[in-house]
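The values are calculated or read from the model by the stated rules, or taken from the named source; none is laboratory data. This one's a predicted model, so the numbers in the text were calculated from it and none came from an experiment. Backbone-built Cβ (ideal geometry, glycine too); neighbour counts: all protein chains shown.
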Amino acid sequence: MPGLRKHLSRKRAREAGFTLTEMMVVIVIIGLLSTVVVINVLPLLGGAREDKVRADLATLESSLTTFYATYGRYPTTDEGLEALVNPPREDRVAARYAEEGFIQRLPDDPWGNPYQYLSPGEHGRFDVYSLGADGRPGGQGDAADIGNWDL
């Protein structure tokens, strides 16, 4: 009997687990499913990035409007969007400036670049915009500039 038990336990040990073929089939199936998910999700990410830019631009535009209501002017191009976080130093009414600023911190665009600001702007009193995925003026698709004039 002891010999039979050893034989059966060795046989079970050989039969336990998966064969290489079974593992390869599982890996191929996982790869196919991953491909389907990536193909369906990537287009959504582009739309989400544009949505984030539009939301950030609306927030910055609102903060700039509040700045204007407080100071009677928009920040200059040299002061930039930083004037929303830190008071302009040479401004006489800086004492009225809220300690926390008009916005706590400046957001970066979804591609990690700072938003651009011009005052006066080419499209209005001021322009706030993202340079897109390439971080350069102009471009098409993901690389296209998105500005407050697009809102």
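Would you mind finding the one in G132, G101, G121 that is modelled with pLDDT under 90, surrounded by 15 or more Cβ atoms within 10 Å (Cβ to Cβ) and under 12 Å from the mean Cα position of the chain (by Cα)? From the options G132, G101, G121, the qualifying one is G132.
I'm checking my understanding of the structure. Among residues of the range 97-151 that are in a loop (DSSP other than H, G, I, E, B) and among the polar types (S, T, N, Q), which one is farthest from L64 (Cα to Cα)?
If we filter the range 97-151 for residues that are in a loop (DSSP other than H, G, I, E, B), which is where we start, we get 97-107, 109-113, 115, 119-126, 131-140, 144-145, 151.
When the remaining residues are screened for being among the polar types (S, T, N, Q), the result is 104, 113, 119, 140.
Numbers: Q104: 13, N113: 20, S119: 11, Q140: 28 Å.
It comes out as Q140.
Using beta carbons and a limit of 7 Å, which pairs, at least six apart or on different chains, have the first residue in the range 136-147 and of a type in the set (D, E) and the second one part of a helix (DSSP H, G or I)? Matching pairs, first to second residue: D142/G46.
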